[in-house]
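Worksheet: the structure to be examined is printed underneath.
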């Protein structure tokens with residue numbers, strides 16, 4: 001690990017598994033991991049809804065899909081184009097999102113945010129957070145290997161604490177045609193990630209589950 005950088009797997013807040021249909025996505029994950037994700041809620045205005053399962057303390061898997069009730073919303077994540085579930089991106093946790101923004105700008109990166117976000121829980125309460133996006137051209141289709149950052153609002157329970165348990169995130173790695181540049185972006189953001197070269201873009205996670213070690217990508 002590079003001195004002064006944070007291991008990217010440890011920094012993960014959540015992985016996003018993109019699917020075209022949420023119910024089918026939940027079944028797909030259950031078949032592979034042996035844990036059934038619980039309904040999370042909808043993202044008003046974003047056109048998506050989700051289901052969640054814990055990947056250990058501080059980490060969780062978000063299965064994200066188009067919300068049929070928001071047909072007019074833009075499919076910004078290209079979820080409707082997915083023929084099969086794929087890891088499409090991930091969020092990194094932070095307690096000081098403004099300092100991350102300053103660091104990214106100093107490194108010459110394009111920054112969007114921080115933006116306020118919220119989601120209504122099935123219980124009627126709500127989760128609130130702030131996110132910071134890093135503009136880049138490293139993505140391909142639905143897959144974006146450069147993370148966004150998230151800072152949870154005080155009083156918002158972390159989803160890993162009350163989502164179905166039984167899985168642990170063991171490793172995270174990336175494959176990209178320009179692996180050197182992707183690794184440099186990670187380092188500019190204070191992250192140490194495992195990146196290798198490949199003609200297409202992939203995010204690969206190994207999860208310890210009731211069905212053994214399973215690779216998601």
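The values are calculated or read from the model by the stated rules, or taken from the named source; none is laboratory data. Since the model is a prediction, treat every value here as computed from it, not as a measurement. Positions of Cβ are backbone-derived with ideal geometry, glycine not excepted, and every protein chain shown enters the neighbour counts.
Points to keep in mind about this one:
- Sole exception among (1) surrounded by fewer than 23 Cβ atoms within 10 Å (Cβ to Cβ); (2) more than 15 Å from the chain's Cα centre (by Cα); (3) closer than 26 Å to residue 193 by Cβ for residue 10, by number: (2)
- Filter result (at pLDDT 95 or above and assigned to a loop (DSSP other than H, G, I, E, B)) within segment 22-46: 34, 35, 36, 37
- Qualifying residue in segment 188-199 (condition: within 30 Å of residue 31 (Cα to Cα), in contact with a strand residue (DSSP E or B) (Cβ under 7 Å, 6 or more places away or on another chain) and not in a strand (DSSP E or B)): yes
- Residue 79 at pLDDT 95 or above and in contact with a strand residue (DSSP E or B) (Cβ under 9 Å, 6 or more places away or on another chain): no
- Candidate set: segment 83-140, residues that are in contact (Cβ under 8 Å) with a residue 60 or more places away in the chain, buried (at least 16 other Cβ atoms within 10 Å of the Cβ) and part of a helix (DSSP H, G or I); chosen: the one nearest to the chain's Cα centre (by Cα): 100
- Scanning segment 153-164 for residues that are outside any helix (DSSP H, G or I) and either surrounded by fewer than 15 Cβ atoms within 10 Å (Cβ to Cβ) or free of Cβ contacts under 8 Å to residues at least 60 places away in the same chain (or both) returns 153, 154, 155, 156, 157.
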